[in-house]
1. List the residue pairs whose Cβ atoms are under 8 Å apart, where the first residue sits in the range 19-32 and is within 26 Å of residue 66 (Cα to Cα), the second is among the acidic types (Asp, Glu), and the two are 6 or more positions apart or on different chains.
2. If we only count strands (runs of 3 or more DSSP E) wholly inside the chain, which ones have 2 or more residues that are loosely packed, with under 12 Cβ neighbours inside 10 Å?
Amino acid sequence: MCRNIMDGRYFSTCGHFTSMATRLQDCFSPTCVFSGRHPLGCKDRRCCNMMTPPAQNPIRISPGKCAACLETPIFGMQKI
């Protein structure tokens with residue numbers, strides 16, 4: 001099955017990933033509707049019409065927290 005590859009930034013403190021770019025990885029199968037080798041106009045129900053879950057490819061690693069985690073208040077403390 002084909003899949004999307006997401007290039008992005010990994011935040012090591014909180015473990016979150018932010019996508020910066022996405023590209024398609026072709027499986028080259030004629031039975032996958034997302035592949036470049038799948039025949040145009042094919043109506044065969046046996047063809048795979050789902051992608052493999054996307055893969056995260058960290059091209060940048062940040063030692064801090066992501067923006068969402070920086071905005072989250074710490075339990076028991078108030079923002080002033």
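Where a number appears in this text, it was derived from the coordinates with a stated rule and is not lab data. These figures come from a predicted structure and were not determined experimentally. Cβ sites come from the backbone with ideal geometry, for glycine too, and all protein chains shown count toward neighbours.
1. Taking only residues 6 or more apart or on different chains, the pairs are 19/7; 20/7; 21/7; 22/7; 23/7.
2. Answer list for the chain: 17-25, 52-62.
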